[in-house]
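Participant: Got a structure for you, written out below as structure tokens; questions coming shortly.
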Amino acid sequence: MIEANNPEINVDELMQKIQEEVARRNNLAVPESANSNFVNITPANLMNLNQIEALLNNAELKSQVRTEIPPKFNRFPFKVSKGLQKFALKLYSFLFKEQRAVNFSLIQALKESLTLNRHLSEQLYAIQAQMKTTSERLQAVDDRYIKNDSYLKNDLAQQKRLITLFLEEARQRLPEPFASEQLQTFVNENQHLLDAFYVAFEDRFRGRRDDIVERLKFYLPRIAQAQVGTQDFPILDLGCGRGEWLELLRDAGCIAKGLDINRVMLDQCQARGLEVIESDVIAYLTSLPDASLGAVTGFHIIEHLPFPLLMKLFNETLRVLKPGGLAIFETPNPQNLLVGSNNFYLDPSHLHPLPSLLSEFLLEHIGFYPVEIVDLNPNQDSCPDNGSKLAELVNNYFYGPQDYAVIGYKV
């Protein structure tokens, strides 16, 4: 009946689509072609069914036997006697009796089709809602397993490297006991035991790679204005991590290299074709000649250093910069109370927050001039601003910049 009166609705085809979609969600193996014409049911579609039902009700009302002459025929020149009106109504009913029966049958058939269509649509809408929830859960599970898988692969690679080193050293010395130099080699390798952990930590708390790249674009105009990143005055990035800044500099046509001691991150940088070196920051800076770099950068590194090493870092940075070169160091902003009291300590290798006034004073004391503090990355949330002093204070100290950069130039 549905196919005869409404050829655009095919129940078998619709049910087949529903079954295929459910199978695809359950098995994740239904060919894409089976779902290419899948109809998305929304509340708006269900409301359209209500409108169709109203039209059918109106048509059903008009298909019934008339008992009165339409009002427009009660006016001149159509107005006639009551007897003649009744005769005309009976004649009209007799002449269109079969057509009325056909119309009534069609309307009933369409109403039955509409009822079935509504039932199927509601079921399909419920299935779609369930599939959406299932899809979101599967996506969350996929993301979690991808992160865990990445961590396990990195950790296993690191453990394999350490075991290989141990076996090689053992092979060279056995049956004699280990020498002090060989024991020191094992001690030095201890600092790499958590390399894979910190990669997973960065992925979880540092942010998506694309987001970090967008944030770091802020510094490109400073690099261009200082006219550094050339072959004679390259840029050195301390603690380069996953290499977002190095990649930005390369795309901007700058010569740059990065330092890090995390071998997993260094492997990731090298896989992207970036120039990186495994080295201690202070040791590498000390090995460089005077005025040999155009810029030294370090993003979220100075908060990891004890104060004597921090001062040595700033001193060596000033020494290796050419006149007019610049140093950029970004660090968490403890003036944001959420950062200073909680978020800063998410990283167990952080030592202590550095207030921006202290960082500014240290660079000025070392000899950088001018020195600038730039507040960065305010929290997206904020307290409703009703113009009160309290709302202003809350926004400044709880939702204000989460990071800041101290930028100093060598005279």
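Participant: Of all trypsin sites (Lys or Arg not before Pro) in the range 220-299, which ones are in loop regions per DSSP and have a Cβ with at most 16 other Cβ atoms within 10 Å?
Facilitator: Answer by residue number: 272.
Participant: Classify the range 190-346 as rounded, prolate or oblate, taking a ≥ b ≥ c as the square roots of the eigenvalues of its Cα gyration tensor: rounded when a/c is under 1.5, otherwise prolate if a/b is larger than b/c and oblate if not.
Facilitator: Rounded, since a/c falls under 1.5.
Participant: Can you compute the modelled spin-label distance between residue 210 and residue 122, with each label point 7 Å from Cα toward Cβ, in nm?
Facilitator: Once both label points are built, they end up 4.0 nm from each other.
Read-outs throughout are calculated quantities, based only on the coordinates presented, and are distinct from any laboratory measurement. These figures come from a predicted structure and were not determined experimentally. Glycine gets a Cβ as well: all are built from the backbone with ideal geometry, and neighbour counts include every protein chain shown.
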